[in-house]
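K.L.:
Below is one structure. I have some questions about it.
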Amino acid sequence: MTGFTIAIDGPAASGKGTLARRLAAQFGFHHLDTGLTYRAVAHALLQADLPLDNEELAVVAAENIDLGGLDRDILSDHAIGEAASKIAVMSKVRRVLVDKQREFAAREPGAVLDGRDIGTVVCPDAPVKLYVTASREVRAKRRHLEMAAKNGYGGGTVSYEEILADIVRRDERDMGRADSPLKPASDAHLIDTSSMDIETAFKTALAIVNTARDG
Ligand code: C5P
């Protein structure tokens, strides 16, 4: 027996992380932000002053990642996110992290995983798949407000235009890579949060999950 898995994918700042956390809390499920696993590999390499383009070194770093020890405060740094999206193009690194993510997904009583390839690659048999999206402009605006609230973007102040350019670049890298590109699974439910507040998005997702659990 394995637990009930909720797979959530989508681009940066789509709102998928908030939805994943709230759904996990609602059902008492475990939650894994898989982006943190790629960030942790990048962080380990940066910390050790190792290059980001050596796949063998990155594989060793990936093997040493402990899913229980992912520190969001440290890993949410903007430079680590940039480095992570470079690491994420390496197939051997992905294989190591995907194995760890699959083990997590089987945890009882259930697990919510969010990322870029959960419904397509990590958990293709998940009973619920959500693809959460929003326009680039809305996502950039959200990020900008978030950064302003935190008073800084990697230490300094960054304009809306820079954040938008960053989001466009990250989307291109994530959607354009050969291995596990970001795209909705054919059986994913699409939730466009462009003109939704978080409460509406949560209720929409909850209704989809409840229907799948009853079925
Ligand atoms: O979501 P987050 O910004 O933390 O992810 C950092 C990077 O990790 C992304 O830009 C993406 O390239 C990569 N990633 C991935 N597959 C996942 C989660 C994240 O390739 N399942």
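K.L.:
Give the order of Val122, Val41, Val158, Val168 when sorted by the count of other beta carbons within 10 angstrom, beginning with the fewest.
P.N.:
Val168, Val158, Val122, Val41
K.L.:
Still on this structure, please answer the following. Under a 10 Å cutoff between Cα atoms, tell me which one of Asp114, Asp174, Asp99 has the largest fluctuation in the Gaussian network model of the chain.
P.N.:
Asp99
K.L.:
Give me Tyr131, Tyr38 ranked fewest to most by other Cβ atoms within 10 Å of their Cβ, as a rough exposure proxy.
P.N.:
Tyr131, Tyr38
K.L.:
Right, something else. Considering only the other residues whose Cβ falls under 12 Å of the Cβ of Thr2, what net charge follows from Lys and Arg at +1 and Asp and Glu at -1?
P.N.:
Local charge sum for Thr2: -1.
K.L.:
Could you give the alpha-carbon Rg of segment 34-108 over 2.2 N^0.38 Å, rounded to two decimals? Show your work: numbers first, answer last.
P.N.:
Values: Rg = 11.5 Å, N = 75, 2.2 N^0.38 = 11.3 Å.
Relative to the rule-of-thumb radius for its length, segment 34-108 sits at 1.01.
K.L.:
Tell me the relative contact order for the chain as a rounded percent, counting alpha carbon contacts under 8 Å between residues six or more apart.
P.N.:
34
K.L.:
When a footprinting reagent is the concern and you count Cβ atoms within 10 Å, what order do Met90, Met147, Met175 take, fewest first?
P.N.:
In increasing order of surrounding Cβ atoms, one gets Met175, Met147, Met90.
K.L.:
Continuing with this model, one more query. Length gain on complete extension for the stretch Asp192 to Gln47, per 0.36 nm per residue less the alpha carbon to alpha carbon distance?
P.N.:
48.5 nm
K.L.:
Just report the Cα centroid separation between segment 41-78 and segment 85-125, whole Å.
P.N.:
Segment 41-78 and segment 85-125 have Cα centres separated by 16 Å.
K.L.:
Tally Lys and Arg at +1 and Asp and Glu at -1 over the other residues with C-beta under 12 Å from the C-beta of Asp197: what net charge comes out? Walk me through the numbers before you get to the answer.
P.N.:
Numbers: positive: Arg142, Lys203; negative: Glu199.
Around Asp197, the surrounding residues sum to +1.
K.L.:
With all pairs of different alpha carbon atoms counted, what Kirkwood hydrodynamic radius in Å does the chain show?
P.N.:
With all distinct Cα pairs of the chain included, I get 17.6 Å.
K.L.:
Filter the DSSP H helices in the chain by two things, a Kyte-Doolittle mean of at least -1.0 and an axial alpha-carbon span of 15 angstrom or more, and list the hits by number.
P.N.:
Helices meeting the criterion: 16-27, 35-47, 91-105, 160-176, 198-214.
Readers should treat all values here as calculations from the given coordinates under stated rules, not as data from a laboratory. What you see is a predicted model; the values in this text were computed from it and never measured. Note that we place each Cβ from the backbone using ideal geometry, even for glycine, and neighbour counts take in every protein chain shown.
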